[in-house]
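The values are calculated or read from the model by the stated rules, or taken from the named source; none is laboratory data. Everything quoted here is computed from the prediction, not taken from an experiment. Cβ: placed from backbone, ideal geometry, glycine included. Neighbour counts: every protein chain shown. With ligands, DNA and RNA removed, areas are computed over all heavy atoms of the protein, side chains included. Shrake-Rupley method; radii C 1.70, N 1.55, O 1.52, S 1.80 Å.
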Amino acid sequence: MTDLTLLGIAEAGRLMARGDISASELTNAFLKRIDAVDRKIASYITVTSDLAHNAARQADMEMKGGVRRGPMHGIPIALKDIYETAGVPTTGHSHLKKDYVPAIDAETVRRLKDAGAIILGKVGTHEFANGAMTPDQPFPPVLNPWNTRYQPGGSSSGSGAAVAAHLCMGAMGSDTGGSIRNPAGYCATAGIKPTYGLVSRCGIFPLAFSLDTAGPLAWTVEDCALMLDVLAGHDPNDHGSARAPKVDYGAACDRPIKGMRIALARGWHESDVATVTPDMKKGIDEAVRVLKDLGATVDEVAFPDIRDYHICGRVIITTEAHAIHRQDVIATPEKFGYTTRRRFQLGAFISAEQYLSALRFRRQLTLDTRAAMRGYDLVMTANHWGAPETFEEPQAIFHFLGKPSLTMPFNVTGQPALTVCCGFGSDGFPLSFQLAGRAFDEASVFAAGAAYERVTPWRRHRPKL
């Protein structure tokens, strides 16, 4: 029999619908692989075997009785350990929350369970989605499954590594400055940062209220779309939640892209500020060719300076994170990792005037981005500069003072942005690009990403552990 852990969500759903495999068989396959392999990369903090077995048996009974909840029914997934999960420790990878066990589920977790998804466990993150993988935290660092001497990207590190190593079929992440797309890119998975407000953040540890987004990582673009079908929707308990029309994202993946117009922001990843590696440049150029062959128009378009988005986003994140964590940092500083504590403390030195200036600048950047996109459906750019960082001590506390983030523009503007693997470099590490759409137009983003994946071979490559 085919290794069940190599199936995608869409394919596994079809097999279960026909009765060819069961949710219990699928769940057992993943739990066995976690037991055999995860010690090499430490992606899981908590494995909820008993809960997963029970949920799988329930799914099997329902499907045998003719009840089919949808494409996520019986699908094993993992949760970034900032998602509150009833009866399961939710630690934020921090000593501060090491013994915290929520009584209720985050809204996204509730929706996934209602759709029949099987929760395998909680996966590693950077401390409160803002720190770094350092020895003064309660759990070991997550390692990159393509080369365990390297980092998997943060802060949804466990989500990216677990999906890539086929230790789950999909995983929930969060993205405030790129924390879904960075590990997706470094681990060769797909990952979507939805439009700000499309997915509830209720019950997810916050980092920056005006930028936080929740979204899925999975092996394919289509699988991300199927997860987002379940997750999207208004939540009155989330003050940032938007009311948007219901869209069938899974169906959007089958849309042709002939006639689609894509603005290539080459000036972001090839400039006098910084330039992607030659392998990444080649991968992006080849991806442009593929999209053109599929009937899309791709033109180079000038956008605001990448540094403007980066500086604007960092000021907002730093200020809001300090406001959220200030009291705990003052009362119990020893319960934070040193790097996390210093990053939170930095916000104390940003004035109200500077914060408000960043918010005003954000509005201007959003308008300027919209103007640059006039006549285009999507924006395309590199996902990251090159290979991930190695695990070296001490790690840079303020690493974001180096190269500007290629993911930050779409946090600042709130647009949906998807990471798509476009090959592998000579060093063996994944190459990835981003596709971003207009607000609430995830459908076009998924259509282009899925079309690219269907005609390229990269989804057949998996890390060997």
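In whole percents, the pair-distance distribution calculated for the stretch 147-195 from its alpha-carbon pairs, binned every 10 Å from zero, is 32, 57, 10, 0.
For the stretch 20-59, the alpha carbon convex hull comes to 63 Å³ per residue, rounded to a whole number.
Per-residue packing, averaged as other Cβ atoms within 10 Å, sorts the ranges 432-444, 324-336 into the order 432-444, 324-336, beginning with the highest. Report the net charge of residues surrounding residue 117, where surrounding means a beta-carbon distance below 10 angstrom and charges are Lys +1, Arg +1, Asp -1, Glu -1. Local charge sum for residue 117: +2.
With both residues required to sit in the chain, DSSP beta bridges show an antiparallel share near 65%. Students often get this wrong: which residues of the stretch 52-73 have the backbone nitrogen under 11 Å from the point 7 angstrom along Cα-to-C-beta of residue 11? Under cut-off, by backbone N: nothing.
The residues packed around residue 341, meaning those with a beta-carbon under 12 Å from its beta-carbon, carry a net charge of 0 if Lys and Arg are +1 and Asp and Glu are -1. Here the chain exposes an accessible surface that is 53 percent carbon and sulfur, computed with a 1.4 Å probe and the other protein chains kept in place.
Rounded, prolate or oblate: which one fits the stretch 296-368, using the alpha carbon gyration tensor with axes a ≥ b ≥ c (rounded when a/c is under 1.5, else prolate when a/b beats b/c, else oblate)?
Numbers: a/c = 3.93, a/b = 2.22, b/c = 1.77.
Prolate, because a/c is 1.5 or more and a/b exceeds b/c.
Residue-wise HN-Hα couplings along the stretch 341-358, as the Karplus relation 6.51 cos²θ - 1.76 cosθ + 1.60 with θ = phi - 60° gives them from phi, are 4, 5, 5, 5, 5, 4, x, 5, 9, 9, 7, 4, 4, 5, 5, 5, 4, 5 Hz; Gly and Pro carry x.
Of the peptides 101-108, 346-353, the order by per-residue mean of other Cβ atoms within 10 Å, starting with the highest, comes out as 101-108, 346-353.
Stretched out straight at 0.36 nm per residue, the stretch from residue 363 to residue 3 would grow longer than its current Cα-Cα span by 124.7 nm. For the stretch 243-370, list log₁₀ I(q)/I(0) at each q in 0.09, 0.10 Å⁻¹, using the Debye formula over Cα point scatterers of equal strength and ignoring solvent, two decimals each. The computed values of log10 I(q)/I(0) come out as -0.48, -0.58.
Amide H contacts under 5 Å for residue 85: 106, restricted to partners 5 or more places along the chain or on a different chain, H placed in the peptide plane at 1.01 Å from N. Taking one quarter of the surface of the convex hull spanned by the alpha-carbon atoms of the stretch 25-87 gives a direction-averaged projected area of 5.0 nm². A convex hull fitted to the Cα coordinates of the stretch 328-384 yields 134 cubic angstrom per residue. Please list log₁₀ I(q)/I(0) at q = 0.17, 0.19, 0.22, 0.23 Å⁻¹ for the stretch 169-284, using the Debye equation with identical point scatterers on the alpha-carbon positions. For the requested q values the scattering log ratios are -0.99, -1.14, -1.28, -1.31.
Would you mind working out the magnitude of the charge dipole of the stretch 122-262 relative to its Cα centre, with +1 at each Lys and Arg C-beta and -1 at each Asp and Glu C-beta, to the nearest 20 Debye?
Numbers: 10 positive and 11 negative charges, 71 e Å.
Computed about the Cα centre, the dipole is about 340 debye.
Peptides 359-369, 57-67, 381-391, 180-190, ordered by how many other C-beta atoms sit within 10 Å of their residues on average, highest first, read 180-190, 381-391, 359-369, 57-67. Net charge in the neighbourhood of residue 259 (other residues with Cβ under 13 Å of its Cβ; Lys, Arg +1, Asp, Glu -1) is +3.
State, to one decimal in nm², a quarter of the convex hull surface area for the C-alpha atoms of the stretch 167-225, i.e. the direction-averaged projected area. All intermediate terms of the calculation are to be shown ahead of the outcome.
Numbers: hull surface 16.3 nm².
So the mean shadow area of the Cα hull is 4.1 nm².
Counting only Cα atoms, the size of the chain along its three principal axes is 59, 58, 45 Å, in decreasing order.
Can you give me the accessible area per residue for the chain, using a 1.4 Å probe, in Å²? Walk me through the intermediate numbers first.
Values: 17730 Å² over 465 residues.
That works out to 38 Å² per residue.
Adding -39500 (n - 2.57) for every DSSP H run of four residues or longer, then dividing by how many residues the chain holds, sets the calculated 222 nm ellipticity at -11500 deg cm²/dmol.
Which three semi-axes in whole Å describe the equivalent ellipsoid of the stretch 105-204, each the square root of 5 times a Cα gyration tensor eigenvalue, listed largest first? Don't jump to the answer; show the numbers that get you there.
Details: eigenvalues 94, 45, 38 Å².
For the stretch 105-204, the ellipsoid semi-axes come out as 22, 15, 14 Å.
Distance between the 7 Å Cα→Cβ label points at residue 335 and residue 99: 1.0 nm.
Taking 25 °C and 0.890 mPa s as the conditions, I'd like the Stokes-Einstein D for the stretch 92-133 in µm²/s, using the Kirkwood hydrodynamic radius from alpha carbon pairs.
Answer, rounded: 204 µm²/s.
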